[in-house]
Structure formats: C-alpha cells, structure tokens
Amino acid sequence: MDVAAMASRWRAATAVLVMSVLAAPAWADVVSAPVVTDRTRATLVADDIAAAPGQSVPVALRLQLKPGWHTYWRNPGDSGEPASVTLHVLGRDIAGPQQWPTPERIDIAGIVSYGHHGDVALVTNVPVPPSARPGTVIDIAADATWLVCEKVCVPEHGHFTLSLPVTADAKGASTMVDPPLPAAAGLFERTPQAVTVRVPKSALGDGDGPVREAYLFPERGDLIDHSAPQVLREQGGDIVLALTAAQVDAPAPTELRGILSITRQRPDGKPQDQVFQLTARPTAAAR
C-alpha cells in the first residue's frame, strides 16, 4: 500500500476543503484575541449560526500552524500528545475537544504519529440554556494546551475569552463543523499478536471500483502497533485489514472505533478516496 501517495491525495483534498471553509464569511462569527507564537496562531472561535436558546453552539480551538509544523489527533500514535481544551461557560466546565478533523499519517524516521498540518479546528459543543434571552451574550473562557512538532516538539498553551450573542432562532447549519463522516460497521478479532478488522464491501458506500488501499486510524492508542504495516486483502464480500497488536497490558476492547480511509481504483484507472467512521464489534470467537 502506497501510504505516502494516499496521504498526499488526502492532504490535497483537505487543503481544498479548508480553503473553501475559510472563504465562507460565517466560518467564525465571533473570534477571541489571538495567542501567537513563532509556530502557531491560536484563537477561540464560535459559530453563532445556531446560538439560539436550547441549542448547542460549536466552539473551536483554531490552530493555524506554520508550514512544516504539525499537531496531534485524539490518538497521537507512537508519539505526541493531543490538544486539551476546557471551556468555562455559565459556571460549568466543559471538556474538549469533542470533534476532531480526519488525521494524517505522519512518519518520521519510522515513528508513526497521527496529526494535522495547516489550519486545524478542534470543536467542543456549548449548550445554550433554554432560559437564555435573545439579545444577551454568553461569556466563554477557555484554557487550552497543545503540542506542535517539526524537528523538535514545543508545548504551547493559551487562555481565551469571547462573548457569544444569543439569537432568537437558529440561522442554519454551521459552516465551522465538517459534515459527519459516513458510518461503516465491521467486526474485529484481537489476539496477543494481531488485530484483524473485517468490513463488508457493501458497507463502504457507492464507490466505483475495487478497494486497493486502506488505512485505519484507531481512536484508542493501545490497540495496535502504529508503526507496523497494515496489510489489506479481500475475502469473499469483505475487505480485511491485518494489523499488529500493541504490546501493552490493556483491557480487551468491547468495541473498536476509528477512521477508515480507503482508495478505490476507478474503471478509468484514477484513484477515488473515501473516508468512513468505523465501528467494529468483536467476532463471536473473540467474545
């Protein structure tokens, strides 16, 4: 599997998506003062499209990284740490991020991490109380930490504040949050040496052509050896990923969740990339 080519195509598609999102005037209607370092410009941004009583508003830690620098996904892989955000809203603390962009596979000298380059929005949802009065504001403060790496890794942090106007009615769908990924269901089996994931091809949408490449980004960091190859094969009506189990003492999972990225070969020979939110249950033999 050509992981580098697959990652390059995904980064290109992500860049187009990011540019289209940033071009939208309502991407971030309320923005905090920035925290700026030599590597990052960080802000807290809130989309008030849905800031109506009884609804939730997406609030994001936005990290704009200088070229060459990356930060980490919820499961950072072999190295790194995920960002942490605590929102202080109406006397309560809300832990985040709750929603993460699809990660990239980052291989540095054989150490494989999962993370993000460029412009990254890490979203936490803030509920607006039903008693909130239109025309008032909700004051939001946030304390955040994140790690950025290039040749060296640098921990960064920031404190942010903003005031979010309350509107009478929701204005429409948020432009700050990516649409949910299509769901795919499968099965997995874990032994001390291996993790095998099986997904019916019928669960992988309406793509055109056979699956030639696949990569799983597991949400848990203690399931697989991230640096080991992920070997794809087809068996009957399924695609099967053979993974190497992590050599750690961890409880057996009752569910495997993660991002499954696949590449099909279309009839015209061109690649077609698809991404799914995978939920896999243990096989009967593994229970």
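You will find that of Ala141, Ala132, Ala168, Ala184, the residue that is out of contact with any helix residue (DSSP H, G or I) (no Cβ under 7 Å at 6 or more places or on another chain) and modelled with pLDDT of 95 or more is Ala141 and no other.
For every residue, the table says whether it meets (1) in contact (Cβ under 8 Å) with a residue 24 or more places away in the chain; (2) outside the structural domain of Pro53 (by TED's automatic domain parsing); (3) out of contact with any Ser or Thr (no Cβ under 7 Å at 6 or more places or on another chain).
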position: Arg105; (1), (2), (3): yes, no, yes
position: Gly115; (1), (2), (3): yes, no, no
position: Pro127; (1), (2), (3): yes, no, no
position: Ala132; (1), (2), (3): yes, no, yes
position: Met176; (1), (2), (3): yes, yes, yes
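Is there a residue in the range 189-210 that is of a type in the set (Val, Ile, Thr), at pLDDT below 95 and crowded, with 17+ Cβ neighbours inside 10 Å? For the range 189-210, residues of a type in the set (Val, Ile, Thr), at pLDDT below 95 and crowded, with 17+ Cβ neighbours inside 10 Å: absent.
Looking only at residues in the range 266-281 that are farther than 21 Å from Ala183 by Cα and basic (Lys, Arg), the one that is surrounded by the most Cβ atoms within 10 Å (Cβ to Cβ) is Arg266. Pairs meeting the criteria (first residue in the range 269-283 and farther than 16 Å from Ser202 by Cα, second residue part of a loop (DSSP other than H, G, I, E, B), beta carbons under 6 Å, at least 6 apart or on different chains) are Gln272/Gly207; Gln272/Arg266. In the range 229-268, the qualifying residues are those that are of a type in the set (Gly, Ala, Ser) and within 16 Å of Leu204 (Cβ to Cβ), and the one that is farthest from the chain's Cα centre (by Cα) is Gly236. Per the listing Thr244, Thr254, Thr263, the residue uniquely touching a helix residue (DSSP H, G or I) at 6+ places or on another chain (Cβ under 8 Å) and either buried (at least 16 other Cβ atoms within 10 Å of the Cβ) or not in a strand (DSSP E or B) (or both) is Thr263. Residues that are closer than 17 Å to Val177 by Cα, of a type outside the set (Lys, Arg) and assigned to a loop (DSSP other than H, G, I, E, B) do not occur anywhere in the range 77-86.
Out of curiosity, is Glu234 touching a helix residue (DSSP H, G or I) at 6+ places or on another chain (Cβ under 9 Å), part of a strand (DSSP E or B), in contact (Cβ under 8 Å) with a residue 12 or more places away in the chain and surrounded by fewer than 16 Cβ atoms within 10 Å (Cβ to Cβ)? Yes: the conditions hold for Glu234.
Just one of the listed residues (Arg264, Arg257) is outside the structural domain of Leu61 (by TED's automatic domain parsing), free of Cβ contacts under 8 Å to residues at least 60 places away in the same chain, closer than 30 Å to Ser56 by Cα and touching a strand residue (DSSP E or B) at 6+ places or on another chain (Cβ under 6 Å), and it is Arg257. Taking each residue of the range 78-95 that is assigned by TED's automatic domain parsing to the domain that holds Val154 and looking for partners that are outside any strand (DSSP E or B) with beta-carbon atoms closer than 6 Å, six or more apart or interchain, yields Asp78/His226; Asp78/Ser227; Val85/Pro97.
Is it true that some residue in the range 108-117 is assigned to a strand (DSSP E or B) and surrounded by fewer than 16 Cβ atoms within 10 Å (Cβ to Cβ)? For the range 108-117, residues assigned to a strand (DSSP E or B) and surrounded by fewer than 16 Cβ atoms within 10 Å (Cβ to Cβ): present. At least 3 residues being farther than 30 Å from Lys270 by Cβ and out of contact with any Leu (no Cβ under 8 Å at 6 or more places or on another chain) is the threshold, and among the strands (runs of 3 or more DSSP E) wholly inside the range 124-229 those reaching it are 137-149, 153-165.
The values are calculated or read from the model by the stated rules, or taken from the named source; none is laboratory data. From a predicted model like this one, the values you see are computed outputs, not experimental measurements. Backbone-built Cβ (ideal geometry, glycine too); neighbour counts: all protein chains shown.
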